[in-house]
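Student: Take a look at the following structure, please.
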Amino acid sequence: MSAHWCAEQITIFTVIVFYRPEVGSELQHESYGIVSDEMHHDICSVYTFNRHILQHVQHKLPWTIQHVHYWSDGAGSQFKNRYNFTNLLYHQSDFGCTADWNFFATSHGKGPVDGVGGQVKRSVWRAVLKGTVVVNDAVEFYHAAERLNVLFVSQGVIKEAAAQLVERWNNSKTLPGTHSFHYAKPVSTEAVACGRNSPFTTGQPALVIAPIPADGPATPTCIDAVPGNFVMVKYDTKKSKNVFLGQVVARDESDLEITFLRSKDSDHKIFVFPANEDKAWIDDQQVQEIVDTPKMDSRGRYIFNHGIAVTE
């Protein structure tokens, strides 16, 4: 009962490593579960977990790891952010090998790593039901799952890594359009090239965005819009320049998630959200201005004091 009602939570970070024991040999894989008492799922945790996994894999292999292709979802707090891009610049010096990072599309569904986490939790739960173990914290959970390929990384180890990385991250630069990237690769010790597609999914080179040096010029000044703000958003093409009205619903570093409104009158003072939601992620440099918050009438329409200059 104590195990069932224990309120302490733990972190399980799951990874599958694919590799070839020898050149030309059949592809092999190892499944890993990292157990930790650190509950902050941020880039520092990811960095520390990857370090332990690479050390463990390297110890098992008869040859030295030369390059790592990372694949993950696009979670902004853990993977797709300027701190992780900066870590790629130091991957050679930190881990002894180069690396690039690929991001799955949003809502890509479940994958093999989800099964690894389920297996680890199910194994421990069965042991608890049998009465062979009592699990009250992360350490006891780790020991209960030791027969599987699990590693334990304590909160203290992660905090130590954070202290060593803080200066590196303080000097990092935000890459405009980060949310739209699906590929990142260092092109020098000071620059990362990013692409809107992964070269592994198309068979073609990634569409490389101009590299931004870590010590290069700061990102152009942008309007600091926050969730809830109504904003004017510009969409420029080769043939036209368009401006739309939207409301910010989320922010991820330099990217904004916008829900767009539609005008209901010729003076462009009355706007509504369309029945079919029109939502998109944009770079914050596309925001022209923040407009005054409108009033809402009894019909759910947004009424502005003056006309809003939007593109029809």
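Student: Counting alpha carbon pairs within less than 8 Å and at least 6 residues apart, what relative contact order, in whole percent, applies to the chain? If you can, show how the numbers build up before the last one.
Tutor: Values: 540 pairs, mean separation 45.0, N = 312.
Reported relative contact order: 14 percent.
Student: Per residue of the stretch 77-85, what does 6.51 cos²θ - 1.76 cosθ + 1.60 with θ = phi - 60° give for ³J(HN,Hα)? Whole Hz please, x for Gly and Pro, Karplus curve as stated.
Tutor: Along the stretch 77-85, the couplings run 6, 10, 10, 8, 7, 5, 5, 5, 4 Hz.
Student: Could you list, in their original order, any pairs among 264/295; 80/185; 185/279; 60/185 whose Cα atoms are separated by more than 19 Å? Could the numbers behind the result be given before it?
Tutor: On the way: 264/295 15 Å; 80/185 13 Å; 185/279 29 Å; 60/185 26 Å.
In this structure, 185/279; 60/185 lie more than 19 Å apart at Cα.
Student: If amide hydrogens are placed 1.01 Å from N in the peptide plane, which non-local residues have theirs closer than 5 Å to the one on residue 243?
Tutor: Long-range HN contacts for residue 243: 235, 311.
Student: Can you pull a Stokes-Einstein diffusion coefficient for the stretch 1-118 at 4 °C (1.567 mPa s), Rh from Kirkwood over Cα pairs, as a whole number of µm²/s? Please report the intermediate quantities before stating the final value.
Tutor: Numbers: Rh = 15.9 Å.
Here the translational diffusion coefficient equals 81 µm²/s.
Student: Can you list which of the chymotrypsin sites (Phe, Trp or Tyr not before Pro) found in the stretch 1-89 are DSSP loop residues with at most 14 other C-beta atoms within 10 Å? Don't skip to the end; give the middle numbers.
Tutor: Values: sites: 5, 13, 18, 19, 32, 47, 49, 63, 70, 71, 79, 83, 85; in loops: 63, 79.
Hits after loop and neighbour filter: 63.
Student: Let me ask something else about it. Mind sorting out which of (1) 1.05; (2) 1.11; (3) 0.97 is the real Rg/Rh (Cα atoms, Kirkwood Rh) computed from the coordinates?
Tutor: (1)
Student: Here's a follow-up. Once you sort the root eigenvalues of the Cα gyration tensor of the stretch 97-139 as a ≥ b ≥ c, which label holds: rounded (a/c under 1.5), prolate (a/b larger than b/c) or oblate (the other case)? Working shown, then result.
Tutor: On the way: a/c = 3.94, a/b = 2.19, b/c = 1.80.
Since a/c reaches 1.5 and a/b is larger than b/c, the shape of the stretch 97-139 is classed as prolate.
Student: Now, a different point. May I ask you to give the percent of accessible area on the chain that is carbon plus sulfur, with a probe radius of 1.4 Å? It would help to have the intermediate numbers written out before the result.
Tutor: Details: 9270 of 17740 Å².
The C+S portion of the solvent-accessible surface of the chain is 52 percent.
Student: For the chain, report the accessible area per residue in Å² (1.4 Å probe, heavy atoms, rounded to an integer). The partial results should precede the final answer.
Tutor: On the way: 17740 Å² over 312 residues.
For the chain, the per-residue accessible area is 57 Å².
Student: Given a 1.4 Å probe and heavy atoms of the protein chains only, how would you sort 283, 292, largest accessible area at the top?
Tutor: Numbers: 283 20, 292 115 Å².
Solvent-accessible surface, decreasing: 292, 283.
Student: Moving on. Is it possible to state the helix-based mean residue ellipticity at 222 nm for the chain, with each DSSP H run of 4+ residues giving -39500 (n - 2.57), the sum divided by total residues, to the nearest 500 deg cm²/dmol? What is it? Walk me through the numbers on the way to the answer.
Tutor: On the way: 8 runs with 81 residues, N = 312.
The helix-only estimate for the chain comes to -7500 deg cm²/dmol at 222 nm.
Student: Excluding residues on the same chain fewer than 8 positions from residue 130, give the lysines whose Cα lies under 25 Å from its Cα.
Tutor: 121
Student: Could you sort 240, 298 by their accessible area in this structure, using a 1.4 Å probe and putting the largest first? Don't jump to the answer; show the numbers that get you there.
Tutor: Values: 240 45, 298 125 Å².
From most accessible down to least: 298, 240.
Student: Sort the following peptides by mean Cβ neighbour count (other Cβ atoms within 10 Å, averaged over residues), highest first: 130-140, 172-182.
Tutor: Values: 130-140: 14.1, 172-182: 19.4.
So the peptides 130-140, 172-182, ranked by packing, come out 172-182, 130-140.
Student: Here's a follow-up. Would you mind classifying the stretch 98-175 by shape? Square roots of the alpha carbon gyration tensor eigenvalues, ordered a ≥ b ≥ c; an a/c under 1.5 is rounded, otherwise it is prolate if a/b is larger than b/c and oblate if not.
Tutor: Numbers: a/c = 3.38, a/b = 1.55, b/c = 2.18.
It comes out oblate by the Cα gyration axes.
Student: Compute the distance from the alpha-carbon center of the stretch 63-82 to that of the stretch 247-312, in whole Å.
Tutor: That distance is 35 Å.
Student: Using only Cα atoms, find the angle between the long axis of helix 155-170 and the longest principal axis of the chain, and express it within 0 to 90 degrees, rounded to the nearest 10.
Tutor: Between helix and principal axis, roughly 40 degrees.
Student: Please identify, among 189, 259, 106, the residue showing maximal mean-square fluctuation in a Gaussian network model of the chain using a 10 angstrom Cα cutoff.
Tutor: 106
Student: Computed FRET efficiency, Cβ-Cβ of residue 136 and residue 29, R0 35 Å: what is it to the nearest 0.05?
Tutor: Values: r = 33 Å, r/R0 = 0.93.
Once the sixth-power term is evaluated, E becomes 0.60.
Student: Follow-up. Suppose every K and R has +1 on its Cβ and every D and E has -1 on its Cβ; what is the size of the dipole of the chain about the Cα centre, in Debye to the nearest 20? Provide the component values of the computation, followed by the final result.
Tutor: Details: 28 positive and 34 negative charges, 142 e Å.
Around 680 debye, computed over the chain.
Student: Mind listing the phi-derived Karplus ³J(HN,Hα) values for the stretch 52-62, rounded to whole Hz, using 6.51, -1.76 and 1.60 with θ = phi - 60°, and x for any glycine or proline?
Tutor: 5, 5, 5, 5, 5, 5, 4, 5, 8, 8, x
The values are calculated or read from the model by the stated rules, or taken from the named source; none is laboratory data. Small disclaimer: the values here were computed from a predicted structure and weren't measured. Here Cβ is always computed from backbone atoms with ideal geometry, including for glycine, and neighbour counts include all displayed protein chains. To get the accessible areas, we keep the full protein, side chains included, count just its heavy atoms, and leave off ligands, DNA and RNA. Shrake-Rupley method; radii C 1.70, N 1.55, O 1.52, S 1.80 Å.
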